[in-house]
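Inspection log for the structure reproduced underneath, given as structure tokens.
The values are calculated or read from the model by the stated rules, or taken from the named source; none is laboratory data. If you're wondering where the values come from, they're calculated on a predicted model, not measured in any experiment. Neighbour counts run over all protein chains shown; Cβ positions are idealised from the backbone, glycine included.
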């Protein structure tokens, strides 16, 4: 979003891919974020050399995950649009944490108010949109999730969809997460390794990017772009995320 274009209150990277029908991709790496039930990623401490290798591996995996998710979405867009619009078929489409062999289990992850639908690597492997050998976790022990969002205006879909990609650990709870400069540095490095679309969710007020309970501000940011997490996750999910912050 080197060239910012306001859309529903958040910035759009000019270099983000826009496909037929208005499918814009936001390729983000998160230190801590929320999707579906709850995503809270805490990256472990690593040596500087290992951090660099891990960041490159993260970027490579993101490219594979993005390509599989993008191709699957485009091939099944009508079904996903229906799921995001009013929940039709969401129980079979919008799921995280499923059995990769038969698609059983997992958590349904859609929101008809925000018009979102989240899926992860397990769901894409079950749908054969990713290879069976695609790693279950990245170098930081996190999983891949994408949140699709249908754009609305005047009470009707505009025909455009967006996607928010996240590298994070999927959990249903956890204790407070103290702000940590090195962990945030790792997240930013991983985003930079991906390129202009990469970024991070901060763990406190980081100046240009903020995650702060006291001001009810929860963002994800990269080089020249910024989004509000509340555009992709429900208020309940965002509150759960906020309660893990110490500020």
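Okay, here's what the table says:
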| quantity | calculated |
| --- | --- |
| Members of the range 220-247 that are in contact with a strand residue (DSSP E or B) (Cβ under 6 Å, 6 or more places away or on another chain), buried (at least 20 other Cβ atoms within 10 Å of the Cβ) and assigned to a strand (DSSP E or B) | 220, 221, 222, 227 |
| The range 137-147, residues that are out of contact with any helix residue (DSSP H, G or I) (no Cβ under 6 Å at 6 or more places or on another chain) and at pLDDT 85 or above | 145, 147 |
| Subset of the range 85-97 that is closer than 19 Å to residue 75 by Cβ and touching a residue at least 12 places away in the same chain (Cβ under 8 Å) - its residue that is surrounded by the fewest Cβ atoms within 10 Å (Cβ to Cβ) | 85 |
| Residue that is farthest from residue 58 (Cα to Cα) [pool: residues in the range 98-115 that are touching a residue at least 60 places away in the same chain (Cβ under 8 Å) and in a loop (DSSP other than H, G, I, E, B)] | 113 |
| Residues of the range 161-183 satisfying the condition of being at pLDDT 80 or above and within 25 Å of residue 121 (Cβ to Cβ) | 161, 162, 163, 164, 165 |
